[in-house]
Every structure is written in C-alpha cells, then in structure tokens.
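The values are calculated or read from the model by the stated rules, or taken from the named source; none is laboratory data. Given the structure is predicted, the values throughout are model-derived calculations rather than measurements. Note that each Cβ is placed from the backbone with ideal geometry, even for glycine, and that neighbours are counted across all protein chains shown. Remember, those area values only see protein heavy atoms, side chains included, never the ligands or the DNA or RNA. Shrake-Rupley method; radii C 1.70, N 1.55, O 1.52, S 1.80 Å.
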Protein chains: 2
Amino acid sequence: MDGLQHANDAGTTLELSRFLAGSRWQDIPPEVRHEASRALLNCLGCALGGARHATVDRALAAIGAFSGPAQASVLGRGERLDAPRAALVNGISAHVLDFDDTHQRAIHVSAPVLPALLAYAEWRPVSGAQLLHAFVLGVEAECRIGLSVFPEHYDRGWHITGTAGLFGAAAAIGKLLNLNDKMMAHALGCAATQAAGLRAMFGSMCKSLHAGRAAEGGFVAAMLAASGFTSAANAIEAPRGFARVLSPRFDPAYVTDGLGRRYEISQNLYKPYSCGLWMHATIDGCIALAREHDLKPEAIERIALTVAPHVLELTGHPAPGTGLESKFSIYHAAAVALIDRAAGEAQFSDRRALDAGLIALRGRVSARPDPAIGKFEARIAVVLRDGRRLERHVTRVLGTRERPMSDRDLEDKFRALARDALAPAQANRLIGLCWSAGSLADAGVLARAAVPAA
Amino acid sequence: MDGLQHANDAGTTLELSRFLAGSRWQDIPPEVRHEASRALLNCLGCALGGARHATVDRALAAIGAFSGPAQASVLGRGERLDAPRAALVNGISAHVLDFDDTHQRAIHVSAPVLPALLAYAEWRPVSGAQLLHAFVLGVEAECRIGLSVFPEHYDRGWHITGTAGLFGAAAAIGKLLNLNDKMMAHALGCAATQAAGLRAMFGSMCKSLHAGRAAEGGFVAAMLAASGFTSAANAIEAPRGFARVLSPRFDPAYVTDGLGRRYEISQNLYKPYSCGLWMHATIDGCIALAREHDLKPEAIERIALTVAPHVLELTGHPAPGTGLESKFSIYHAAAVALIDRAAGEAQFSDRRALDAGLIALRGRVSARPDPAIGKFEARIAVVLRDGRRLERHVTRVLGTRERPMSDRDLEDKFRALARDALAPAQANRLIGLCWSAGSLADAGVLARAAVPAA
C-alpha cells in the first residue's frame, strides 16, 4: 500500500497489529535475521558492561524485596528475578552506558525489547527463531510508531526510547504469546497508555530507567492483552491517543507503509566508541594513525585537531578528573585513542582519566573549531618529535551507515564490554550463540550464558 | 541525542519536597485528619465493590505468575501479592466502578495513593497516624501538581488521575520511608518520568489500570529514591520536565502557595450514586420524594423530569439491557431511585436492568430538556394514581460541596459496596477501624480486615 491510501489514518493500530500477528519467520529475509543477531550480540555486550553500574545496583536494591519466582537472570550478575522485573533491570543495564544501538540516531532500539524477550525465554520455552522473529517485529513496531511522531515528539521533551520502546516490548512479547490481531491491538493500547519518559532526566539514573520500564511495561502490556484486558483499539491514532497527545505532528504512513517489504532493524547502527557521537571522528582518525604508523605516545610532540564547533561546546573539558568527565573531553578522547588504539568503556574509566601518561599526552592536544567541518568529520595532525607530520582527514566514521561496524568489530566490542563479567571462553561461547541464535532450540540459553560462572 | 540540559529555575519541586519531608503529624489539623478517614472508608468501599470486576480478574491473571512474596492483600479477595503489585491491583479495583472520590471533579484522589499505602503497611510496620499523615501528604502532592497544569493537561488528552496519581503515591510512600527533601525530590522525579495514561482509554479496562499503575509506579519511585537512585531535582518545572512536556500551561504557584496552611484533601468529594454526575440531581430528588411520601411504585402513574439538555445527550438510553447501559439511562435512574431509594452498584446491575417491575415504572418516566437547568439541578413531578402531584426542585445535590455526604452517608455507601465481599459484622468492624485509623498501632490491620473471612 502506498502513502496516499493512508491520508486517512483510520485503522493504523489495527493495520500494524494485523501485520504483527500475521508475520511468519519464513517471511523474514536472511539479511534481516542476521541484523537481529548483530543487535542481540551488541545488546548483550552493553548489558554485560553495564551490569555492575551503580544505577543497576540501586534499582536491584529498590525492587529486590518484591521479586517473584526466580524466572529470569540478571545479565552479567548472579541474581534471578521474576521475568518482568528481570526485563526492567536488564533494560537498565543495556542502556546505562549509552553504548547501545540506535535507529537513525533517535531510538535506542534493542534495550527496551531484547531484555523483555530474553526474560520471557527463560520463563517459558521459546526457540531462537521465535525470539529473533519477535525481536524483529518488536523493533518494527517501536521504530515505525516512534518515527511517525519524530522529531516533534522528541523536541517536545519525550525520551523516545522510553515511549516508543513500550510498543516494541509489547509487540515482541505479544508475538511470543501468539496474540491475534485484535489482542495485539490491545497489547499496543496497554503499551500506549503507559508511554512515558522525560528528557529532563538525561544525566540522571532515570534515563536508563526509561529503557527498563519500557521493557517491563511492554511485557506486562502483552500479558494483560493475553488475559483479555481491553484498551482502545485505535490507541496510536485516536484523537486522545498516543500520537495526538504526545506529539504536535503524526504521520500514520510511517507506521503502515511498506510493512513486510522493508524492516526497520536494517537501519540499525552500533556505536564503536563509548562516548558521544561528536567525538567519534577524532577517535576514529587517531586509532587509524596509531595503527598505521605504530605510534608510541612518547614519540608524539603534539596533536592538532580541527573539529566542528559543536564538538568543543559539548566535549571541551580540558582536564577531566573522572571517567564520566572524560567522556566530555575531546582532548582525553584523542590521547586515549592514540595510546590504547581503542575507545571503549575501559578508556573512559576513572583510572584512565587520572593516568599520568595519558594526562601528559592530553596536555599536548589542541583543538580548533571550524564551521565547515561536519558532525562525523575531523582533521587530525600528529606532529612527531622526529619532525614528521602525520595528517588524516576523517569523513567516513566507523558505525555510520557509510561504514557500518563489521561482525568482527561487534565481536571485539562485545569482548571488551564482557571482560569484567565473563571469562574469555564464556564470552566466545556467547558470541557463537548469538551468531547461531536463529537455530537454537531453547533461546533461554542466551540469557543463561550471559551470567558469570559461579 | 543525549545532551544534558537542566536549568534549575524556580525550585518548585524542591520546595514541595521540603514541605513533604518536613511535615509532622501534629501539624495536620483534626478536620483534615478526619477527612482522611472519610476518604479511607470510601476508597476501601470502592475497592471491595470492584474486587470481583472482570478488570481485576484479568489483571490478576496477567501478573499472577510473577508476584513475589505474599506481602499484601488483594482487597475484597483472598490473594496475596508482593506489595507494589498489590498496589497495582487494588488501585484498579478502587477505581474500576468510577464510584471513587474526586478533587474538584478532576482528579480521583484516593485510588492511586491509598492502595500503595495499604500495601506498604502490610509489608512493613506503620502506625495508623503514619499512614493517614502520608495519605494527606500524597494527596497534597497529587492535587497540587495536577491542578498546576489543569485543565489544559486534561484537555490535551491526559487522564490526570493516572499522571498526577503517580506523584501522590510516590510522595506518600516516600513519607513512610522517611525520605529527606533531596530524596523526596528524586522520588517525585522518578514518578514524573513514569507519568502516563491516555483519555483514549476511557470506556476500556485501561482506565482503571491508570490508577493501579500510578499506585505501583509511585511505590517503586519512592523505593528507587530511597535506594539512592537519581532523577532530575527539578522534575516538575524543568524545561523538559513534567509540566512543560505534558501541558501547554503550568502555574507553579498551585504547587507551592499555602503549603501547610490549607490541605487539598479538604476539597475532596464523594459520589453518593454509582453513575455519571449528570444523573445525580434526578436520583437525589426521587429518593427524597420516595422517602418523604413513602411511595410505592404501584401508586405512581407517571414521572415527569425536567433536566439539563446534556442529561439527555449523555444518559438518554430509553431501554437499557445491561447494568452498564442502565448507567446511561435517566429513565432507569429515576425509576430505580423511586423503588430502591438508593442508587449504588446494586441498582445498576444486569439483574436490575432487566427487572420487570422496574421496566414497567421506567416506561412511565418522561424527560424534557431545559437549557435553564444546570448540571446539579432537576425538576421532578411524580403524578400518583390517586391524582396527587408531588413536585421537587433539586438544587443542592448530595455529594457536592454545598451538601457533602455525611459520615453516616459514607457508612451506608460503604456497606452497600462491601456487601458481596464482607459479612455485615466484618463490614462494621472495618468502618470502626477507619474512624479510629489515626490511633491504630498497626495500620496493616486495615487491609487485612478488608479480606473476606476464610
């Protein structure tokens, strides 16, 4: 169906619900299935890396006394919780490092959806194909509904990962529950009426709570619908429904156009570096120069960066004293990328921010703003003590659509993130499970394999 | 998309939090304490009356498998759930009949707050005074924040009971947890960022889910804050905070003016009749006429109503076939009020809608619209078979501020609502507990006494 047929939005929720209920695994193209495995690997890595974050510790302390049967694992840790609460906590850990995936730089795709599915799969038998299929469909609902109100919805102050994420988790769990189209519409309605998450929370622990609440709330929304709970059948497009109440603009065609012909997960992006996107071009170029010329920090006289003006506004911290501050320092980023040839969580730790060698090199980095330079662009000049001058103009940054992270890149990122939680052999086993997820008889093994050996 | 943007402007959230954290039980005037007991009695009655509603059955079916320790009772039933989930289910049953209290005809005050408190009080030791105090403060936060964006917030499509209710439950539980002002602000922030509930859901089971989710979400928000979880310290007034994102208008003075000098619970209203407010004047007059003249239905020739035009638009169903339909029939309402001299849930049951004697009298009711008649006004003429004509012009309806329900009225309403759940002696005991709630050593007895004897 083309967009014109949807000028009238009557039935948007039901049309999407029919697609979700009717979709079969054999309809999903191989490259889409593989993208789902890539997102699974990336999301598990982020959750493992975030598992010991104070945000997760405190969420567990807050809800621990209330948890039901030990149905599902807290990824990267030892606790077991009832399934929706495991979804809550794992949604938090998957998003807390802000290192998780994004769709068109807006919605953090996997953190609200996969934790719900992984918890469900430990609770009730689900095959790997069922899980990947439900994941692809959850992402479909999440991104299409989110984009139908983007960017106005986000501009108004909604954290779209929290709001759209609820639909994603509800659709995904609804698929595992085998809901028919009408019940799926009620699941989306029960999700719509829980949609929440304010951008005022950015910079606080509540930001990752949004992903967790989306996972938990969507899980429960689907369970409610499966139990016969009713909502509005037109929750997305109703006059007082999701889109109209939470956004000044709504384009229903985004929800329904090309359903089944293209899959939103194909637009998914993965962050190679554990910091804001504005620093990625500089990091990218510094890693490349260090590798190509096998640079040693002591050989470097000075580094001169030319970057977009926004880079200095957002990440101009000259002397970061903590790991968090170092994520807002282009000077730290350039220095650590040259020394470590990496920019993962380990490169933005408190320890690294205070490392003497790193501080010394950081002091030799200068940065000049240039309005002609774009977001994913940087000019880097490294002047060596022997007088040589190495230059690099970065225009195609790793992790963008022009240069996606390879499967190997994702594996490397996963290993770095999983390092504190899993032994190397266990990490490698989990990588293998993600690549073969579509053929697993029991998808519950994915979550169980993401728990440290006793 | 993850910039940090806080502008700590007016300090509205912190000023409210300071008041909530600093308030002492001895500060609460006796008449405010008594109003809290009245609201408690009314809320428990509504929950008992709604306990066997299909909405509650299905919510329990959806979440039953996930519940944690048996910490708190499902009111009016036998199940025990973990405390936040008991709050969820009891919030649903307290609101599902739409018979619960309202503040200035906008916010359903108690359903999001008391279920959270009652569940907490079964989980951890709380005195009756602590519970009533926390209740008064929860209502204060709920109503002040809600009114600061009312009516524009509601007009945009938000179910204000769901959104404001979250603050109420968070403030109330936060008080029981003895949070200091900063932690209370984080509790309100964790509530703000879960605020949800769409008016598109009116007429579906999700409407009462909003009250339940507010109770559960507010409970968890306070637990998160108590565990050190952080949110924005200016969650209400921030540029991308609750008020600005969810409403086109925000008047912070509503939140902070006169804190501690007046209490919003004093403005609370109770519904005497289990139907929309537009039918209340007619019911009121019919009950009064039947009582004064000891009318028997067979003595009545016909009834002529003169009502506001809106009454016929909203409640003009001539021949309701179900209990739900009978709530939208001014003819049924007049007839059942004359016969039963009451208009509670029992008067709007499927059985009564199909009762032959009632149908006969209903057929002798006529109604004429008159634009000069107001919402809480009706002219009633009852012509008897013996030729007498009895007239009544109702202008002061029971349950309005001009003529509040008396304590005795509330007891009668409670007994009628509790009838299917509790034996008369048990109902009377619970009434006594409500009136003496402020002196109870263990407030958990309130919820336990609202469970049917085995």
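Computed on chain A, with alpha-carbon pairs under 8 angstrom and 6+ residues apart, the relative contact order is 21 percent.
Charges were assigned to the Cβ only: +1 to each Lys and Arg, -1 to each Asp and Glu. The resulting dipole of the range A:133-217 about its Cα centre is roughly 120 debye. Per residue, chain A exposes 33 Å² of solvent-accessible protein surface, assessed with a 1.4 angstrom probe and all protein chains in place.
Counting pairs of Cα atoms in chain B, how many percent are more than 43 Å apart?
Details: 15499 of 102831 pairs.
Of the Cα pairs, 15 percent sit more than 43 Å apart.
In the range B:80-150, what trypsin sites (Lys or Arg not before Pro) fall in a loop by DSSP, with at most 13 other Cβ atoms inside 10 Å?
Qualifying residues, ordered by number: B:R105.
Full extension of the chain segment joining A:A453 with A:S266 gains 63.9 nm, where the gain is 0.36 nm per residue of separation less the Cα-Cα distance. The overall shape of the range B:1-155 is prolate: from the C-alpha gyration tensor, with semi-axes ordered a ≥ b ≥ c, the ratio a/c is 1.5 or greater and a/b exceeds b/c. To the nearest ten degrees, helix B:12-22 and the longest principal axis of the Cα atoms of chain B are 90 degrees apart. The mean number of partner chain beta-carbon atoms within 10 angstrom of a residue's beta-carbon across peptide B:150-157 is 2. Computed in the context of the full set of protein chains, the accessible area of chain B at 1.4 Å probe radius has 52% of its extent on carbon or sulfur. Comparing the full protein assembly with the isolated chain, the residues of the range A:175-201 losing at least 30 square angstrom of accessible surface (1.4 Å probe) are A:T193, A:Q194, A:A196, A:L198, A:R199, A:A200, A:M201. Label-point spacing for B:D257 across the identical copies (point 7 Å from Cα in the Cβ direction), in nm and ascending order: 4.9.
Could you size up the charge dipole of the range B:118-170 around its Cα centre, putting +1 on the beta carbon of Lys and Arg and -1 on that of Asp and Glu, and report it in debye to the nearest 20? Using only the charged Cβ atoms, the result is roughly 100 debye. In a DSSP loop and with at most 14 other Cβ atoms within 10 Å, the trypsin sites (Lys or Arg not before Pro) in the range B:181-285 are B:R249, B:R261.
Under 1.5 on a/c is rounded, so check that first for the range A:125-235, then, if it is not, pick prolate when a/b is larger than b/c and oblate when it is not; a ≥ b ≥ c are the square roots of the alpha carbon gyration tensor eigenvalues. Note, shape of the range A:125-235 comes out prolate.
Name the residue from A:L324, A:L14, A:Y270 whose Cα lies farthest towards the positive end of the charge dipole of chain A, charges +1 on Cβ of Lys and Arg and -1 on Cβ of Asp and Glu. With unit charges placed on the Cβ atoms, the residue in question is A:L324. When the square roots of the Cα gyration tensor eigenvalues are ordered a ≥ b ≥ c, the ratio a/c for the range B:207-262 is under 1.5, which makes its shape rounded. For chain B, the longest principal axis of the alpha carbon atoms and the long axis of helix B:160-176 meet at an angle near 50°. Considering only C-alpha atoms, what is the centroid distance from the range A:69-142 to the range A:318-383, in Å? What the calculation gives is 32 Å, centre to centre. When B:A65 is represented by a point 7 angstrom out along its Cα-to-C-beta vector, the spacings to that point in the other copies are 2.8 nm, nearest first. Dipole orientation for the range A:348-410: of the candidates A:P371, A:G387, A:A353, A:G387 has the Cα lying most toward the positive pole (charges on Cβ; Lys, Arg +1; Asp, Glu -1). Over the protein assembly as shown, DSSP H runs of length four or greater, each weighted -39,500 (n - 2.57), average out per residue to a 222 nm ellipticity of -15000 deg cm²/dmol. For the range B:21-80, taking Cα atoms only, Rg and Dmax work out to 16.3, 44 Å respectively. Per residue of peptide B:227-240, the mean number of Cβ atoms on other chains within 10 Å of the residue Cβ is 6.
Over the range A:167-287, what relative contact order in percent results from Cα pairs under 8 Å that are six or more residues apart? The partial results should precede the final answer.
On the way: 111 pairs, mean separation 34.0, N = 121.
Once normalised by length, the contact order is 28 percent.
When the protein assembly as shown is described by a simple charge dipole with +1 on each Lys and Arg Cβ and -1 on each Asp and Glu Cβ, the residue from B:P239, B:L430, B:I173 located farthest towards its positive end is B:L430. Between the range A:388-454 and the range A:19-59, the alpha-carbon centres lie 12 Å apart.
List the relative contact order of the range B:301-454 as a percent without decimals, with contacts defined as Cα pairs under 8 Å and 6+ residues apart.
It comes to 23 percent, rounded to a whole number.
The slack between B:A61 and B:R24, meaning 0.36 nm per residue of separation minus the straight C-alpha distance, is 9.3 nm. Given +1 at the Cβ of Lys and Arg, -1 at the Cβ of Asp and Glu and no other charges, the dipole of the range B:9-84 around its Cα centre is 300 debye to the nearest 20. For the chain pair A and B, the interface hides roughly 5100 square angstrom of accessible area in total, found with a 1.4 Å probe. The label-point distance for A:R388 and A:K296, in a model that sets each label 7 Å from Cα toward Cβ, rounds to 1.3 nm.
Give me the percent of DSSP beta bridges within chain A that run antiparallel, rounded to the nearest 5. Mind showing how you got there, number by number?
Details: 20 of 26 bridges.
The antiparallel fraction comes to roughly 75 percent.
Each copy carries B:Q26; placing its label point 7 Å along the C-beta direction from Cα gives inter-copy distances of 7.9 nm, listed from smallest up.
Taking each residue of B:139-149 in turn, how many C-beta atoms of other protein chains fall within 10 Å of its C-beta, and what is the average?
Details: counts 0, 0, 0, 0, 0, 0, 0, 0, 0, 0, 0.
For peptide B:139-149, the averaged partner shielding equals 0.
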